[in-house]
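In what follows, a single structure is set out as structure tokens and then discussed.
Coordinate-derived values only; no laboratory data. Keep in mind it's a predicted model, so treat the numbers as computed, not measured. Don't worry about glycine lacking a Cβ; one is built from the backbone with ideal geometry, like all the others, and counts go over all protein chains shown.
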Amino acid sequence: MNYVKVILLFSLLTVLFVAVSFILLGRQGMWFGLLFAGIVNFVSFFFSDKIALKMAHARALSEEENPKLYEIVGRLARQAGIPMPTLYMIDDPRPNAFATGRGPAHSAVAVTRGLVDLLDEDELSAVLGHELTHVRSRDILISSVVATVASAITIVTRNALWRGRGDRDNDINPIFTIFILLTAPLLALMIQMAISRSREFHADAGGAKLAGKEAMISALYKINGVLKRNPMRDINPAQAHMYIANPLGDVRSVFASLLATHPPLTARVRALEELSL
């Protein structure tokens, strides 16, 4: 099912790039858009995990550096029935984590230094169980691809908007141009939102089953509490949906909550409290 979503996402990206190329370069530019979309689709499928880790400034973590973390992840991976993922560390004092890769056999889990420092062993196990649930469910591919696609959409449409403002001889319908260039970034956000919300509830339940309901709830409260006071505003917003908690901080307005990449904390806690283990 996730491979079908990836194909649909690639198709959407191709249509968008061809449309933007048509706006900028006319009919001949459509071939350029098609070629560029093909390159982005190829890179997204095979290298989206490496791109995500690079965007997060994550570095490979050796077992000698943190044997306790390796022991926890190894134990949880055996419980989940999946191979041990590669572990990465993000040198950030704020707590967060994400999983990436093409599937259980090619997966990675990245945690921030703040997460390891803040949580006790049970809470850390719950968060890692959450991420391994993403791996086991095989939704890490679509999540990683979405991050790459959202970045590409944002970059291309920003460039198109800049070029469009400076091109006085453009004979393309200006209403059509404005519609494409202003709705594309919103489309990228809506793709992130649609991918993220339902899967977070499922991963929370998986973390609770692997490490305990109370530990999962406590970890979410701690992580969100820190991010509310000190959000990770230096990360690429296109990657926000990948993390266990919204790295950009608390959602305060009703409109913003409709476009948030993560379910509200209250909804996640309520779902966990109602969960039968």
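Can you give the extra length, in nm with one decimal, that the chain gains between ASP122 and MET84 once fully stretched, where that is 0.36 nm per residue apart less the Cα-Cα distance?
Values: separation 38, 0.36 × 38 = 13.68 nm, distance 1.90 nm.
That pair, ASP122 and MET84, stretches by 11.8 nm at full extension.
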*At what distance in nm do the modelled label points of MET30 and SER11 sit from each other, each positioned 7 Å from its Cα along Cα→Cβ?*
1.8
*Take every Cα-Cα distance within region 1-151, group them into 10 Å bins from 0 onward, and report for each bin the whole-number percent of pairs it holds.*
12, 35, 28, 15, 8, 2
*Put a dot 7 Å past each Cα toward the Cβ at ALA60 and ARG233; how far apart are the dots in nm?*
3.6
*Given H placed 1.01 Å from N in the peptide plane, which residues other than close sequence neighbours of SER107 have an amide H under 5 Å from its amide H?*
THR86
*asked:* Checking the a/c ratio against 1.5 first, then a/b against b/c, what shape does the Cα gyration tensor give for region 53-92?
replied: oblate
